[in-house]
Each structure stands twice: as C-alpha cells, then as structure tokens.
1. Given the options 235, 18, 227, state which has the largest fluctuation in a GNM of the chain using a 10 Å cut-off (strictly under) for Cα springs.
2. Want the number for residue 117 to residue 27: 0.36 nm per residue separation, take away the alpha-carbon distance, what's left?
3. For a bin width of 10 Å, list the pair-distance distribution of region 106-210 built from all Cα-Cα distances, rounded to whole %.
4. When the label point is put 7 Å from the Cα of residue 8 along its Cα-to-beta-carbon vector, which residues of region 72-92 have a backbone N closer than 15 Å?
5. Once label points are set 7 Å from the Cα along Cα→Cβ at both residue 365 and residue 289, what is their separation, rounded to one decimal in nm?
6. Given 20 °C and 1.002 mPa s, how large is the Stokes-Einstein diffusion coefficient of region 6-90 in µm²/s, with Rh as the Kirkwood radius over Cα pairs?
7. Quote to one decimal, in nm, the extra length available between residue 94 and residue 57 on full extension: 0.36 nm per residue of separation minus the C-alpha distance between them.
8. Before anything else, pin down the relative contact order of region 215-286: Cα pairs under 8 Å, at least 6 apart, normalised by residue count, whole percent.
Amino acid sequence: MGDAVRKKVVLLGSTGSIGCSTLEVARQIPDRVELVGLAANASVGKLAEQVRETGVKHVALADASKEAELRDLLPEGVKVYIGNEGLIELATLSGADVVLVAIVGTAGLEPALAAIEAGKDLAVASKEILVMAGEIVTAAAEKRGVKILPVDSEHNAIFQCLDGHRGGAREVSRLILTASGGPFRTWPAEDLRKVTLEQALKHPTWEMGRKITIDSATLFNKGLEMIEARWLFGIGMERIDVVVHPQSIVHSMVEFVDGSVLAQLSRTDMCFPIQYALTWPDRVRGGLKPLDFGELAKLEFEKPRDDVFPALGLARRAGLEGGTLPAVYNAANEIAVDAFVARRIGFTDIWSVVGEAMDAHQTGAADSLDRLIDADAWARMKTTDLLGACRA
C-alpha cells in the first residue's frame, strides 16, 4: 500500500449530530481527515467553537441574520460565506476532496450538485438529496466521474457489502435494510393514536436529531432509505426490502442470487460509517471499539408490520412510480412531522396526511431541478392545507 491519503473535507451541517460525529472522527484520525470548511444553519456559538478547534479558514452560515454575531466570535483570518450562495461557495472550495452534506431537509441539494459539478466526491448523510433528486444527482456524479459515498449507517453497510464485488447489480437478489422498529415496534395499532411527542422522541438504540427520531418511530426514515438505496446502488424498488432488527448491530445486508447473504455489523456509533466514507477505499485503525460477540445476548429479526406502519408501503409506491412523487413523499412528511412536534396533529395523522398528499399529486418527470423544487413546494402547501382538517 502506498502513502496514506489525507482527505480534505468540507462539512455542511457541522453543528448537528452527524456533524459532531464527523468532528470526532477527524480528532481520532487526523492523519487521514483534515476539515477545511464548516457550515451551520444558525448555531453560531457552536460553529465558532468548532472553528477554533479545527483551525478552518472557511465557514458558511445559512442564517444571514446572525452574520454579525458569528463574525464577532471568530478568530481573525476566517472567511465567512452567507446564505444558500454561501453554502454553494463552500461546497466548491478549491482544494477540498470530499464534501459531506449533513444538512437536514432540502437545503443541501443545491450545494451537493455544485460540489459534484466542481469535481468533489460527495459524502451523503442527508436523505432528502437522493430521495428528492436521486436521478439528477447520480447522473451528474456519473458524468463528472465523482463518487457518491453513503454516510447513513444502512447505506454505508450495503456499500461495504458491495465494495469490490465484481458482478454488479445483476448478481444481487435483494438489498435488505435493517430497522430498529422504533419505540412502538410491539404496540397494538389502536394504541398508536395516543402516542405523545415525548414518547416518540425516546429511541431505543440511537441518539439522533428530533426529525429523524420521529421518522424512526413512524418508519418513514426507512421508507426514505428505500428510495435512497434505489439510486445509490442501481437496484429496483422491487428488490429492496426492510427487516426489523431491534439490536441495531447488523446495519444492513445484501442477498445475492446464489442465496448467500453478506451483512455489516458494528456497534451503534455513527462514527463507523462516517470514518469508512471519508477514508474509502482504505480501512483505517481509529478510536472505534469493535464488537465483543461474547457480550451480545441475541440478534433478533422480524418482518415489519406494514399494515400498522404504512410509511414503507407509501415509500415503495413513491419509488416505483418515480418522477416527482418521491419529492412529495419527503416534503409532505416534513410538514406533517413539524405539525406533530407542534402538537397540532396526532402520531398516526402523519402517514395519513402524507398518503392524502400523494393521492392528490399528478406525478411528472424528474427531469430538472426546477420541476423537483416545484413539486416540493406544491407538497408543502398541499400538506399544510390538509392539516387544517386534522385535530391532535
């Protein structure tokens, strides 16, 4: 093996949970990962602390109203980029090798496409990028000859299982995404109507942000991951399945046409997939603790209750129909989750409203970013209108 490659990384969404885990990876393997740019939405105090720790000279802040506050906190010599245009400037920073997008929602889409166009490898932690615009993003990456590196633990697991596999998609029978099942895995269907916000935010195995924690409870996160996997790995939706695995030790699996199954296992720590994405194609010894199989009491697997948690069926429908429908699925869910967090609707209303928005949508081709942005905006307005008929 030749000399170790030190990747220069721009991190969009540095103050969120994925961003903080990425900083931890950079601390553990400084000879392999160098952060050269950081971006946040509005957490100026935390962003300034990260700048002082890492010594980066380029930062972006999405919330323009906090620009003066941020500048007051930063050391001299740091260049500040503001707003969406600032995110795009940072994503195309000269000298950067990889742009890791960990921005929640659709705000990371334009910076991601700009990074690809600038020839940067793209590490993707934001589901919305591939759910909303998977066809456009993957086509752009192929055209520019850059790599899309999945950071989600499930997609990173599949990426690892397929890495170096010579046969390609024709030898794959199924991609099997694992799901923890969330806190309501065993609850009777009738009890889900009574779920409170506090209960939905108590995930049994992972510590994550509010939106993704609720998506885990509804299984919408797994639905979004099914659509992502379709684009990341070039596998049709009919060959993407979900299995519930409460221990979250097996992060996903690939079943091949001969019946063999490869699985990726590790502790429940997002530093594992982040490190692999940033050091790929190498494996690097860092500060991550391996599994102790003697400590594992059991590994359980069960089928998801699709009739009780309709999010998976809605995702399969969106992925099979394609076009603008996945963008509607994603945007409608975002609005519905916001309403649940605001205690305006009940837990089960989330998937009911998403289904109604999808039913009302006339699906078009996903042939331009403008069309996808229009579909996203339509879904947000339509879902907001539908929410007027819901009561918590």
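The values are calculated or read from the model by the stated rules, or taken from the named source; none is laboratory data. Everything quoted here is computed from the prediction, not taken from an experiment. Methodologically, a virtual Cβ is constructed for each residue, glycine included, from the backbone with ideal geometry; neighbour enumeration extends over all protein chains shown. Heads up: the accessible areas ignore ligands, DNA and RNA and are worked out on the full protein's heavy atoms, side chains in. Shrake-Rupley method; radii C 1.70, N 1.55, O 1.52, S 1.80 Å.
1. 235
2. Net length gain for the segment: 29.5 nm.
3. Result, from short to long distances: 12, 32, 30, 19, 7, 0 percent.
4. It comes to 79, 90-92, nothing else.
5. Reported label-point gap for residue 365 and residue 289 is 5.4 nm.
6. 171
7. Net length gain for the segment: 12.1 nm.
8. Rounded, it is 16 percent for region 215-286.
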